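The values are calculated or read from the model by the stated rules, or taken from the named source; none is laboratory data. Treat the numbers as computed from the prediction; the structure is a model and nothing was measured. Heads up, the Cβs are rebuilt from the backbone with ideal geometry, glycines too, and the neighbour counts pull from every protein chain shown. Surface accessibility is based on the protein's heavy atoms, side chains included, excluding ligands, DNA and RNA. Shrake-Rupley method; radii C 1.70, N 1.55, O 1.52, S 1.80 Å.
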Amino acid sequence: NAGNVPAMTETHPRGPLKLRRAGFDDDQSMRALVAASFPGNPKVSADMTRWQWWENPFGETLAWVWEDDGSIVAQYVAFCAPGWIAGKRTTVTLGVDAAVDPAYQGRRLFTPLSEALYADSVARGWPLYAYPNEQSWKGISRAGWIEVSRPSVYVLIRPGGARWLASRLKLPAAVSPAIGMAARVGFRPRKPKGGPHAVAVLSSPPQDVEELWTAVASAEESGLERGANWWHWRYDAHPDKPYRFIEARRGGQLAGAAAVVTREELGGRFICLLELLARDDDSARAVVAAIAGGSVGESDGIALTATRGSRLESLARVAGLRKVPGRLQHRPIRFGVVPQPDVVPDPTALRWATSWGDLDHT
């Protein structure tokens, strides 16, 4: 059915532009466009695009481009991921790496580009998720994307994060000690209340993460299927592998697991929780307390994003993370879905779960 999506042409003052599908043969030109549009973006690396776009184990990556006289001047990509929609497995796509050459901006190329990508995804039966920035969300809304939530940021401030908090509040550095005391009261990890957990830091995902995901997956929430296939591809197979993993076991059983990366975020240096699975509140507390105690290094604090009302938000709160006021964030996070008639006819009718991504939100 995807073959029913036609290539299109549109005439502009500099000559005819062609809207077409793209593939591996276009990789170098597409990476060059990313480099021109977003300096420092990791997708300028051939290893990165090979891993995420062209050798993705979950399905064919969809890519559409505007071409002008043989040069790619705009693009939009959607890579496949394992989906979890109302308790059922499916394939979903994540819309990423939308870019328009600066010389071609203002020509209204983005909406038809989005329409072509979305039609391709719908024709294959794959719902498409996207987290647009402030420059693109209106364009993709016209193409059919529907905003369903604005995930919030939650943080736990570590002792060294007082200066960060003071700077975000625009307070003089001299008040950092007082801010630090307040942070230790209002932003501190919650200790487990039940039996002890054996906590360890790993260089690869826990071997039995599939069993943990199966135990905690809820038919009430939709998003990604975060089992072993996802963890091992997304983190273990990543070209750079900057991640650490924390496991909490109780009685030998995996009770909690997290994937983290330390990076510059929110105007400071944070340990970003990319994944957090836990059988119960106590197990979430054990994982977060270990991170807060310095098991994966120093930082201003711990941060994650979560959808309002989701299980992840609940785990964050019980572990001691607190919602960051909007004025302390650099930018809003928008999450939305392109409806797929057979799988997701109405995205707003479902309860969604999302989390932070250091490369692309998930």
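Please name all residue pairs, on different chains or six or more residues apart, with Cβ atoms under 9 Å, provided the first residue is in region 37-61 and is at positive phi and of a type outside the set (Asp, Glu) and the second residue is crowded, with 16+ Cβ neighbours inside 10 Å and modelled with pLDDT of 95 or more.
Gly59/Phe79; Gly59/Cys80; Gly59/Ala81; Gly59/Thr91; Gly59/Thr93; Gly59/Arg124; Gly59/Trp126
Looking only at region 89-104, count how many residues are over 21 Å from Gly357 (Cα atoms) and in contact with a Ser or Thr (Cβ under 9 Å, 6 or more places away or on another chain).
3
Quick check on this structure: which one of Trp53, Trp84, Trp126, Trp66 is modelled with pLDDT of 95 or more, farther than 23 Å from Ala217 by Cα and under 22 Å from the mean Cα position of the chain (by Cα)?
Going through Trp53, Trp84, Trp126, Trp66 in turn, the sole match is Trp53.
Select from region 6-23 the residues that are aliphatic (A, V, I, L, M) and surrounded by 12 or more Cβ atoms within 10 Å (Cβ to Cβ) and write down the one among them that is modelled with the lowest pLDDT.
Applying the filter and picking the extreme gives Met8.
How many residues does region 278-296 contain that are among the polar types (S, T, N, Q) and open to solvent by 20 Å² or more (accessible area, probe 1.4 Å)?
Residues meeting the conditions: 1.
So for region 175-186 (the condition being open to solvent by 10 Å² or more (accessible area, probe 1.4 Å), more than 30 Å from Val344 (Cα to Cα), in contact with a strand residue (DSSP E or B) (Cβ under 7 Å, 6 or more places away or on another chain) and at pLDDT below 95), does at least one residue qualify?
yes
When Ser299 is evaluated against the numbered criteria (1) closer than 21 Å to Ile333 by Cβ; (2) open to solvent by 20 Å² or more (accessible area, probe 1.4 Å); (3) at pLDDT below 95, which criterion, by number, is the only one it fails?
Looking at each condition in turn, Ser299 falls short on (2).
Got a number for residues in region 114-160 being farther than 23 Å from Asp101 by Cα and either hydroxyl-bearing (Ser, Thr, Tyr) or free of Cβ contacts under 8 Å to residues at least 60 places away in the same chain (or both)?
Of the residues in region 114-160, 6 are farther than 23 Å from Asp101 by Cα and either hydroxyl-bearing (Ser, Thr, Tyr) or free of Cβ contacts under 8 Å to residues at least 60 places away in the same chain (or both).
Sort out which residues of region 24-44 are closer than 28 Å to Glu225 by Cβ and loosely packed, with under 15 Cβ neighbours inside 10 Å, and write them in order of number.
Within region 24-44, Phe24 is the sole residue that qualifies.
Exactly one condition in (1) of a type outside the set (Ser, Thr, Tyr); (2) farther than 21 Å from Thr305 by Cα; (3) in contact with a Lys or Arg (Cβ under 6 Å, 6 or more places away or on another chain) is not met by Val260; state its number.
Tallying (1) of a type outside the set (Ser, Thr, Tyr); (2) farther than 21 Å from Thr305 by Cα; (3) in contact with a Lys or Arg (Cβ under 6 Å, 6 or more places away or on another chain), Val260 fails exactly one: (2).
So that you can scan it fast, the table gives a plain yes or no per residue for (1) under 30 Å from Val337 (Cβ atoms); (2) open to solvent by 20 Å² or more (accessible area, probe 1.4 Å); (3) over 16 Å from the mean Cα position of the chain (by Cα):
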site: Pro239; (1), (2), (3): yes, yes, yes
site: Gly251; (1), (2), (3): no, yes, yes
site: Ala258; (1), (2), (3): yes, no, no
site: Arg269; (1), (2), (3): no, yes, yes
site: Cys272; (1), (2), (3): yes, no, no
site: Leu304; (1), (2), (3): yes, no, no
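Report, by residue number, each residue of region 89-121 that is surrounded by fewer than 20 Cβ atoms within 10 Å (Cβ to Cβ) and farther than 18 Å from Val338 by Cα.
Asp101, Pro102, Ala103, Tyr104, Gln105, Gly106, Arg107, Arg108, listed by residue number.
If you take the residues in region 134-174 that are open to solvent by less than 70 Å² (accessible area, probe 1.4 Å), closer than 30 Å to Thr111 by Cα and part of a loop (DSSP other than H, G, I, E, B), which one is modelled with the lowest pLDDT?
If we take residues in region 134-174 being open to solvent by less than 70 Å² (accessible area, probe 1.4 Å), closer than 30 Å to Thr111 by Cα and part of a loop (DSSP other than H, G, I, E, B), then Ser136 is modelled with the lowest pLDDT.
Does region 201-224 hold any residues that are over 16 Å from Leu276 (Cβ atoms) and open to solvent by less than 30 Å² (accessible area, probe 1.4 Å), and which are they?
Of everything in region 201-224, just one residue is over 16 Å from Leu276 (Cβ atoms) and open to solvent by less than 30 Å² (accessible area, probe 1.4 Å), namely Ser222.
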